[in-house]
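Here the structure comes first, spelled out in structure tokens, and everything after it is commentary.
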Amino acid sequence: MAHEILFYSAFGLYCLNGLVGIIAQLRLFHFGAAHHVLYFIVFASAIGTTIFSFHPALLLTIAALALMPKSRPWTWKHPISAALGLLGYLLALIDHF
């Protein structure tokens, strides 16, 4: 039960960070360092979820999050990395039902 709470919390944080990224991309609001702090929390929670609620697809999420700092904002690599990370969560989510 606790690992499910961790999984859904990590997934929700990932979605929240994605929304923050989209808002920043559209230049509707500037989040500054808060976006980076949220990224760190998202990465840490994804690692925890992968450890305690292992699913092979979560390795895709971890890899995408690890590559995210290498992919600069305003390039095609940044949203592709985010989408691949989301795909990892969605594939793992399928097995939760």
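The values are calculated or read from the model by the stated rules, or taken from the named source; none is laboratory data. Quick caveat, the model's predicted, so the values are computed rather than measured. Methodologically, a virtual Cβ is constructed for each residue, glycine included, from the backbone with ideal geometry; neighbour enumeration extends over all protein chains shown.
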### Options Ala57, Ala2, Ala33, Ala92; residue that is in contact with a helix residue (DSSP H, G or I) (Cβ under 8 Å, 6 or more places away or on another chain) and modelled with pLDDT under 90
Ala2
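Rundown of residues vs (1) assigned to a helix (DSSP H, G or I); (2) surrounded by fewer than 16 Cβ atoms within 10 Å (Cβ to Cβ), yes/no style:
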| site | (1), (2) |
| --- | --- |
| Ala10 | yes, no |
| Leu13 | yes, no |
| His30 | no, yes |
| His36 | yes, yes |
| Val42 | yes, no |
| Leu59 | yes, yes |
| Ala64 | yes, no |
| Trp74 | no, yes |
